[in-house]
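Enquirer: Below: one structure in structure tokens.
The values are calculated or read from the model by the stated rules, or taken from the named source; none is laboratory data. All of these numbers come straight from a predicted model, not from anything done at the bench. So basically every Cβ, Gly included, is an ideal-geometry build from the backbone, and we count neighbours across all protein chains shown.
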Amino acid sequence: MEFTEITRKEYEKFWKESDQKNFLSSPKIEDLRKESGWDTYYVGVKEGKDLVAAALLSAHKRHFNKYIFYSPRGPLLDYHDKDLVNFYFNNVKKFIKDHKGYSYRIDPYIYYKERDIDGNIVEGGFDNTDVTDNLKSLGFKKVPIKDTEQVIWMFSLPLEGKSEEDIQKEMKPNTRNTIRKASKLGIEMKELEYSDLDEFMNIMKETGERKGFDVRDIAYYQNMYNLFVKDGEAKFFITKLNLKNYINNLKEEIKDKETKRDELGPQSYNDGKRKTFNQDIENLTKRVKDAEDIIKEKNTDIINLSGSMFMLIEPEIIYLSSGNYEEFMRFNSQYLIQWELIKYGIEHGFKKHNFYGIPANINEHPKDYGIYEFKRGFNGVVEELIGEYELPITFHYYLIKFIRKIKK
């Protein structure tokens, strides 16, 4: 085996063929990280002419003119091949040291233990403890989940071999009914052009302020758009509602119910049906008034409801970023947009729809448990990655850790 620097083209070919492929390990991420002052190297292991391991190494200068090195969702190699793993890491450690690096962080796209929809470990399921044990034997230290850069716990819906009807049958009844109701409202999905990203950002900012999390600035989304959208590897959407059409549909529904109510005979056994029709008409009338009030307040008859960003890199679609206007969440457009992308995934041969991040401690019902509950309604499984690890390269690793501790 030979450890060597490789070209971006060589890395990209290996990445495309890897079953650990993820947008974060894409060579396009090099272009994004350059904007934040990161340098990039590509390294790999060859057996003869064949590349058997590859990594994108991002390097960022920190204290004492030393660099932290990071392989986002990498390196890409067979983690069960202990000889290959040991050879790669022993050599990359020398490479990083020669390039003034003091530590090496990795977060491979490798699942830890098989889990079910509730997050429980599946008896007899896959178990990659041997991978984490080997990393620890090489000197890697596991990073606490609160300090990790990327998502570790996810929720995914397998799509392979399933039809739309199969997926619908396996959903929670409430989720299925919510999608059907949202579909009838006339909500439109708009795929965004670059010039539309301001609309997306307005939604993200409102959501961040409401929920208390930091939102990336528009430059990040602009860069992601430029890097991935042209190749069909990312899509941005906003959902819209034409309130005039919505009101007209409601009024038609009111007329229909009034007609059916009035056709009932005077017999007492129709009193229950009459009461139900009257309640439905009252609720529909309130919704008409609500929509008319929104038009008056916003001075527009078309409103934005939600925004979403998806990564579409086989074998999965990843629900990466999203936001909703709180005042319009009652229209449930977030359910509809998930369903449309699930249908897209089935049609285009994706193996799973990855709803992405969920809380690590779902069985303790944390404050953001609702994120998991929303995703769980579509059915699927909890997925836990092996996590993030860092390898000390020089004594500067411990010195910098000490300095940070003092600052805190």
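Enquirer: What number of residues in the stretch 47-80 are among the β-branched types (V, I, T) and without any contact (Cβ under 8 Å) to a residue 24 or more places away in the chain?
Expert: Of the residues in the stretch 47-80, 0 are among the β-branched types (V, I, T) and without any contact (Cβ under 8 Å) to a residue 24 or more places away in the chain.
Enquirer: From the list K184, K230, pick out the single residue that is farther than 20 Å from S321 by Cα and either surrounded by fewer than 17 Cβ atoms within 10 Å (Cβ to Cβ) or touching a strand residue (DSSP E or B) at 6+ places or on another chain (Cβ under 7 Å) (or both).
Expert: Only one candidate passes the filter, namely K184.
Enquirer: Using beta carbons and a limit of 6 Å, which pairs, at least six apart or on different chains, have the first residue in the stretch 285-302 and without any contact (Cβ under 8 Å) to a residue 40 or more places away in the chain and the second one assigned to a helix (DSSP H, G or I)?
Expert: As it stands, the answer is R287/L250, since those pairs meet every condition given.
Enquirer: Grab the helices (runs of 4 or more DSSP H) fully contained in the stretch 127-237, keeping just those with 2 or more residues being closer than 21 Å to V382 by Cα and of a type outside the set (K, R).
Expert: 129-137, 164-170, 173-184
Enquirer: Across the stretch 323-355, which residue is nearest to D214 (Cα to Cα) among those that are in a strand (DSSP E or B), at pLDDT 95 or above and in contact with a helix residue (DSSP H, G or I) (Cβ under 9 Å, 6 or more places away or on another chain)?
Expert: For the stretch 323-355, the residue satisfying everything is F355.
Enquirer: Considering I371, I403, which residue is assigned by TED's automatic domain parsing to the domain that holds N90, more than 22 Å from G125 (Cα to Cα) and part of a helix (DSSP H, G or I)?
Expert: I403
Enquirer: Of the residues that make up the stretch 42-64, is at least one assigned by TED's automatic domain parsing to the domain that holds Y104 and part of a helix (DSSP H, G or I)?
Expert: Yes.
Enquirer: Sticking with this structure for a sec: Looking at the stretch 119-153, which of its residues are more than 12 Å from E384 (Cα to Cα), of a type in the set (D, E, K, R) and either surrounded by 11 or more Cβ atoms within 10 Å (Cβ to Cβ) or more than 19 Å from the chain's Cα centre (by Cα) (or both)?
Expert: Hits for the stretch 119-153 are E123, D130, D133, K136, K141, K142, E149.
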